[in-house]
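First comes the structure, then the notes that go with it.
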Amino acid sequence: MVTQRAYQFRIYPTAEQQQQLAVEFGNARWVWNHCLELRNTAWEADQTRHNYVSLGRHVTELKRGEFPWLANGTASCLTQTLIDQDKAFEHFFRRLKNGEKPGYPRFKSRWDRQSVRYQLDQRQIENNYRAGEFINLPKLGEVNVRWSQVPAGVPKMATVSRTPDGRYFISFACEVEIQPLPLTGKTVGVDLGIKDVAVTWDGERVTQSGNPRHLKRRLKHLKRQQRRLARMQKGSHRRQRQRLKVARIHARIAASRADFLHKTTTTLVRSADVIALEDLHVKGMMKNHCLAGAITDVGLGEFRRQVEYKARWYGRTVIKVDRWFPSSKTCSECGSYQEKMPLRVREWICPDCGTRHDRDVNAAKNIRNITLGNRVTARGGSMNLSGLPGTPGEARTDAEKFTETDRMDRAA
Ligand SMILES: [Zn+2]
């Protein structure tokens, strides 16, 4: 299967390259803001809609006349800025039409992360780029890249950015060919609410440590430095320096959490053929401190998004289990339902059949039971258990029954 895969690497431009990049960032930002203003006034005046073609002509005129310094940058970067603005507007109108929160394109500030997009000449790519070795960019020449892995393809475009704390990155997407993984014969029910990230039905825990000790130390460090910042005099030089320091620690923590989340989702997808995700509920998830931090960093949907696209890559199936399915309150042996199951109860004995349960394992078994009750045939697909009308199988009715019971509980 061919898919797009994104890469990001830290780069170390020389002083000279940094100067040229400052020019590129400045031009891109200026053109973006200038053209955004132009679009706004043209629309207000007589509902004229501009696009990157008409604005491109305008920018060329500016370059020849009033603003000759625009020629110091790379011409294709300016074109790309205008194309990106077109896309931002398309996105805005699409969201507006769908009744979502629209997000009107914003002016760019010099205090934010700066970025510029290079169009890479596909005919010259052989001289400009070799995966894992070098990348040549217009007006910059060869840029020093720290290749943390070797990209699997050739990029069509590359974004160079500078963070507010002065680090530089390059990011791009390549088409990569992905082979499905061999089958494991396992189903994993993901219960994010509890100690481990995921628990398989046979009681095997899929956990990803992702070096939480490391993270803990960093969080402690961050707290200390934040306290120091708070004590410093407002407007002082030292405070300014301290703020930068805190920003750097923040960035490092965010990076290690993102890394942790990726490792977790990869381990999960590798571990089984069928992955049943319980609808995520925030409160329960906060129990897993490390994952909770990682998820609040990137947003709730990101965990699921990663699981879903990785499942597609590797030929796994993702099933969504209704969030109201009381997986921890139900005995996986006899199906009896417990009214109360506080979170502190880690182990319990079913009053009806006498089976001894580990809370997590029992929940996972229940999720597995209802997934096995549904015919799971399509590999690499994803289906929504709760949303499918008339899905065949006895377990479906069970799931419905549970859903009803639990809802009634809530109402009472
Ligand atoms: Zn029982």
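The values are calculated or read from the model by the stated rules, or taken from the named source; none is laboratory data. The structure presented is a predicted model; accordingly, all values stated were derived computationally and were not measured. Note that each Cβ is placed from the backbone with ideal geometry, even for glycine, and that neighbours are counted across all protein chains shown. Accessible surface areas use protein heavy atoms only, side chains included; no ligands, DNA or RNA. Shrake-Rupley method; radii C 1.70, N 1.55, O 1.52, S 1.80 Å.
Tally up the residues in region 354-364 that are open to solvent by 40 Å² or more (accessible area, probe 1.4 Å), within 10 Å of the ligand (Cβ to nearest atom) and within 37 Å of the chain's Cα centre (by Cα), please.
Selection size over region 354-364: 0.
Regarding region 84-104, can at least one residue be identified that is under 23 Å from Lys156 (Cα atoms) and touching a strand residue (DSSP E or B) at 6+ places or on another chain (Cβ under 9 Å)?
Yes, region 84-104 contains at least one residue that is under 23 Å from Lys156 (Cα atoms) and touching a strand residue (DSSP E or B) at 6+ places or on another chain (Cβ under 9 Å).
Return the only residue of Arg248, Arg257, Arg224, Arg231 being assigned by TED's automatic domain parsing to the domain that holds Ala311, free of Cβ contacts under 8 Å to residues at least 60 places away in the same chain, surrounded by 14 or more Cβ atoms within 10 Å (Cβ to Cβ) and out of contact with any Pro (no Cβ under 6 Å at 6 or more places or on another chain).
Step by step, each of Arg248, Arg257, Arg224, Arg231 is checked, and only Arg257 is assigned by TED's automatic domain parsing to the domain that holds Ala311, free of Cβ contacts under 8 Å to residues at least 60 places away in the same chain, surrounded by 14 or more Cβ atoms within 10 Å (Cβ to Cβ) and out of contact with any Pro (no Cβ under 6 Å at 6 or more places or on another chain).
Got at least one residue in region 158-173 being touching a helix residue (DSSP H, G or I) at 6+ places or on another chain (Cβ under 9 Å), among the small types (Gly, Ala, Ser), assigned by TED's automatic domain parsing to the domain that holds Leu82 and under 17 Å from Gln17 (Cβ atoms)?
Yes, region 158-173 has at least one match.
Any idea which of Arg407, Arg396, Arg323, Arg368 is modelled with pLDDT of 50 or more and not in a loop (DSSP other than H, G, I, E, B)?
Just a single option satisfies the conditions, and that option is Arg368.
So, in region 333-353, how many residues would count as being open to solvent by less than 50 Å² (accessible area, probe 1.4 Å) and assigned to a loop (DSSP other than H, G, I, E, B)?
6
How many residues does region 324-353 hold that are within 13 Å of the ligand (Cβ to nearest atom) and within 18 Å of Val190 (Cβ to Cβ)?
Matching residues across region 324-353 total 3.
Test Arg218 against the stated conditions and say whether it is over 21 Å from the mean Cα position of the chain (by Cα) and either modelled with pLDDT of 90 or more or exposed (fewer than 14 other Cβ atoms within 10 Å of the Cβ) (or both).
Against the criterion (over 21 Å from the mean Cα position of the chain (by Cα) and either modelled with pLDDT of 90 or more or exposed (fewer than 14 other Cβ atoms within 10 Å of the Cβ) (or both)), Arg218 does not qualify.
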